[in-house]
Amino acid sequence: QVHLVESGGGLVQPGGSLRLSCAASGSISSMHAMGWYRQSPVKERELVAAIFSGGLTNIADSVKGRFTISRDNAKNIMYLQMNSLKPEDTAVYYCHLVTMESDYWGQGTQVTVSS
């Protein structure tokens, strides 16, 4: 069983920064990719950023230049550094893990960008 736990969400003013963390635990046999998705009441769930087993990353155009995804392989933790936050970044952010056998989701962490 694999568990993903996100943390780091909260309320921030426009232009501010947050760093989200996703800690993975359990029987992780082989990771193919990890990613961050977000969902708001007015939008469908969308991919924000992904990082693959070889270290390559994919960043959505809407956050490119502002968000950075990274991973600490030794600790099985993935990060999303979010800078220059905008009100439209407000959403629940979900961690996603894809392995050879299955895929897993975290419970989500709320990010609210508001003055």
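The values are calculated or read from the model by the stated rules, or taken from the named source; none is laboratory data. Being a predicted model, the structure only gives us computed values, none of them experimental. Using ideal geometry, Cβ is built from the backbone for each residue, glycine included, and neighbour counts are taken over all protein chains shown. In case anyone asks, the SASA skips ligands and DNA or RNA and just uses the protein heavy atoms, side chains included. Shrake-Rupley method; radii C 1.70, N 1.55, O 1.52, S 1.80 Å.
Observations, loosely collected:
- When 56, 85 are checked against the criterion of being closer than 18 Å to residue 14 by Cβ and out of contact with any Phe, Trp or Tyr (no Cβ under 6 Å at 6 or more places or on another chain), 85 stands alone in meeting it.
- Where strands (runs of 3 or more DSSP E) fall wholly inside the stretch 57-115, the ranges with 2 or more residues that are buried (at least 17 other Cβ atoms within 10 Å of the Cβ) are 67-72, 77-82, 91-99, 109-113.
- Counting the residues of the stretch 19-46 that are open to solvent by less than 30 Å² (accessible area, probe 1.4 Å) and not charged (D, E, K, R) gives 9.
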